[in-house]
Amino acid sequence: MTEAGQPGILAAGMTETKLRGAKSVQSRIYEITFLGQAGSTLRSAFDDCEISLGPDTTTLRAELPDQGALQGLLQRITGLGLELVRVVTPPPAE
């Protein structure tokens with residue numbers, strides 16, 4: 001977990017993982033920002049993510065294997081009543 005003095009700059013990357021018996025699947029690193037600074041209790045709900053705190057925002061950074069995992073994380077955020085600001089998807093690998 002990291003704390004920043006200003007809102008995190010959103011960026012995304014991509015890594016490749018292989019599943020048994022399947023073609024390679026590209027997991028992606030997402031950065032998702034919501035309004036407000038998450039306190040320690042709220043941060044513990046996202047202990048599977050890197051967390052950056054800005055003055056008025058919290059940014060989560062996580063490597064997710066697929067769209068289903070991204071949807072699950074977004075549902076966790078909205079289920080807690082947090083206001084989503086931005087989700088960055090990674091650019092295609094070159």
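Please give me the summed charge of the neighbours of L84: other residues whose Cβ is under 13 Å from its Cβ, Lys and Arg +1, Asp and Glu -1.
Details: positive: R76, R86; negative: E31, E83.
Residues near L84 contribute 0 overall.
Rounded to the nearest 0.05, what FRET efficiency is calculated for Q26 and L84 with R0 set to 22 Å and r the Cβ-Cβ distance?
So, using R0 = 22 Å, E works out to roughly 0.40.
Once you put a point 7 Å from the Cα of Q37 and another 7 Å from the Cα of Q67, both along the Cβ direction, what distance in nm separates them?
Label at Q37, label at Q67, 3.7 nm between them.
Using a cut-off of 13 Å between beta-carbons, work out the net charge of the residues near T33 (Lys and Arg +1, Asp and Glu -1, T33 not included). If you can, show how the numbers build up before the last one.
Details: positive: R61, R86; negative: E31, E50, D56, E83.
Result for the neighbourhood of T33: -2.
Just want the ordering: T78, T57, from fewest to most Cβ atoms lying within 10 Å of their own Cβ.
Arranged by neighbour count, lowest to highest, T78, T57 become T78, T57.
Once phi is turned into ³J(HN,Hα) by the Karplus curve 6.51 cos²θ - 1.76 cosθ + 1.60 with θ = phi - 60°, what whole-Hz value does each residue of region 57-62 show in order, with x for glycine and proline?
9, 10, 10, 9, 10, 8
Could you put S27, S44, S52 in order, starting from the residue whose Cβ has the fewest other Cβ atoms within 10 Å?
S44, S27, S52
In nanometres, what is the gap between the two model label sites at D48 and Q75, each 7 Å from Cα along Cα-to-Cβ?
1.2
Coordinate-derived values only; no laboratory data. All values reported here derive from a predicted model rather than from experimental measurement. Cβ coordinates were reconstructed from backbone atoms using ideal geometry, including for glycine residues, and neighbour counts include every protein chain displayed.
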